[in-house]
Amino acid sequence: MVQLTILKITKYGPWTLSLGSDREHQLQMLQASLYKDVQKLFSEKNSLVFLNRADEFFVITNGLTLDDHIEIQKELAKNFDLKLSMSIGFAETPFDANLSKEHNIYGFVNGKSEQKVTIIHFDVENLTSKRQNTSPCEISSMIFKLYSKMTEFFLKKNSLTFFMGGDNFMVVSDEFANKYAKEFIALAKKELEVTLNCGIGTGKTAREAVKLATKSLDTIRQIRDSGKEKPEIYELSCF
Ligand SMILES: Nc1nc2c(ncn2[C@@H]2O[C@H](COP(=O)(O)OP(=O)(O)OP(=O)(O)O)[C@@H](O)[C@H]2O)c(=O)[nH]1
Ligand SMILES: [Mg+2]
């Protein structure tokens, strides 16, 4: 079961217009500092925030109560003039939790009952070598093609994909993550000629799952760098 909280800036569109046309730099600074605070406040409670198109945040909040959300909402209100709404959903798959729709907090909170979250961390194998003869813009184009394929593929599996920067992607998935990852690695190889490494982590909270997913990915690198044949997928679980 995944508990997902979606944060949206209230009336952001009209507010941006109130700044006039010389606003882009202000919006970029605001979005970056808001993201920093939101990530800090939620990660202190073992959740993890995924940036969605810079003006919206998807937070995997397994284990967090309504009081935790209210505490964060109050803290954000101290630091920002803009208000954020929080919609909390709880479902078997991340996508179903994403469909559910309210201090500006709406939805359902599961809080402390048994919870499990699986995160996939994908990373492109040896992107550094591609940089030798490919320009930064061409690399970005390839990364965004990959992102597009990944979101499309994983939405069909009711899983949510986020671009984390560089050549890193994370997918909030379910117990079939390994099977999905295998299929997607083959698809990326065939259609985009990209080799991916994949770490999978399952934990009680998002931070724990992400830590284990990244540890799995680093384990693949260690195996590779020791000269042995590396697995494409490595999985760790706290259960
Ligand atoms: N979000 C995120 N970004 C990372 C992480 N590790 C590396 N990066 C980013 O990914 C870029 C590429 O780094 P690597 O993936 O280590 O480089 P590589 O040449 O592809 O090497 P291998 O992945 O080991 O094959 C870096 O410049 C960072 O921007 C991570 O754990 N999380
Ligand atoms: Mg890489």
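The values are calculated or read from the model by the stated rules, or taken from the named source; none is laboratory data. If you're wondering where the values come from, they're calculated on a predicted model, not measured in any experiment. Quick reminder, even Gly has a Cβ in these numbers, built from the backbone with ideal geometry, and neighbours come from all protein chains shown.
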Residues that are of a type outside the set (Gly, Ala, Ser), crowded, with 18+ Cβ neighbours inside 10 Å and part of a helix (DSSP H, G or I), drawn from region 189-210: 207, 208, 210
Check on residue 180, of a type in the set (Phe, Trp, Tyr) and part of a helix (DSSP H, G or I): yes
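Can you tell me which residue within region 174-207, out of those that are of a type in the set (S, T, N, Q) and more than 21 Å from residue 2 (Cβ to Cβ), is farthest from ligand 1 (Cβ to nearest atom)?
Among residues in region 174-207 that are of a type in the set (S, T, N, Q) and more than 21 Å from residue 2 (Cβ to Cβ), the one farthest from ligand 1 (Cβ to nearest atom) is 195.
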Filter result for residue 99 (at pLDDT 95 or above and among the aliphatic types (A, V, I, L, M)): no
Long-range neighbours under 6 Å by Cβ, at least six apart or interchain, first residue assigned to a loop (DSSP other than H, G, I, E, B) within region 219-230, second surrounded by 15 or more Cβ atoms within 10 Å (Cβ to Cβ): 230/220; 230/224
Any hit, region 156-169, residues being surrounded by 13 or more Cβ atoms within 10 Å (Cβ to Cβ), charged (D, E, K, R) and near ligand 1 (Cβ under 8 Å from one of its atoms): yes
Residue under evaluation residue 148, criteria (1) more than 16 Å from ligand 1 (Cβ to nearest atom); (2) at pLDDT 95 or above; (3) in a strand (DSSP E or B), criterion not met: (3)
Filtered residue count, region 156-177, keeping only those that are assigned to a helix (DSSP H, G or I) and closer than 18 Å to residue 236 by Cβ: 1
Selection within region 1-15 - assigned to a loop (DSSP other than H, G, I, E, B) and within 22 Å of the chain's Cα centre (by Cα): 1, 10
Test: residue in region 167-179 that is β-branched (Val, Ile, Thr) and over 26 Å from residue 99 (Cβ atoms): no
Residue that is nearest to ligand 2 (Cβ to nearest atom) [pool: residues in region 120-139 that are surrounded by fewer than 10 Cβ atoms within 10 Å (Cβ to Cβ) and within 25 Å of the chain's Cα centre (by Cα)]: 128
Any chance residue 214 is closer than 25 Å to residue 51 by Cβ and either assigned to a loop (DSSP other than H, G, I, E, B) or more than 14 Å from ligand 2 (Cβ to nearest atom) (or both): no
Entirely in region 16-124, the strands (runs of 3 or more DSSP E) that have 1 or more residues that are polar (S, T, N, Q) and within 16 Å of ligand 1 (Cβ to nearest atom): 48-52
First in region 166-184 and farther than 20 Å from residue 90 by Cβ, second anywhere and assigned to a loop (DSSP other than H, G, I, E, B) and away from ligand 2 (no atom under 16 Å from the Cβ), Cβ under 8 Å, 6 or more apart: 180/157; 180/159
Failed item, numbered, when residue 157 is tested on (1) within 16 Å of ligand 2 (Cβ to nearest atom); (2) in contact with a helix residue (DSSP H, G or I) (Cβ under 6 Å, 6 or more places away or on another chain); (3) basic (Lys, Arg): (1)
Selection count where residues are within 15 Å of ligand 1 (Cβ to nearest atom), hydroxyl-bearing (Ser, Thr, Tyr) and more than 28 Å from residue 179 (Cα to Cα), scope region 129-145: 2
Inter-residue pairs, beta-carbon under 7 Å, first surrounded by 10 or more Cβ atoms within 10 Å (Cβ to Cβ) and in region 14-26, second not in a helix (DSSP H, G or I), 6+ apart: 15/82; 16/23; 26/19
Close pairs (8 angstrom Cβ cut-off, 6 or more residues apart or separate chains): aliphatic (A, V, I, L, M) in region 132-146, assigned to a helix (DSSP H, G or I) anywhere: 139/127; 139/130; 142/130; 142/192; 146/188; 146/192
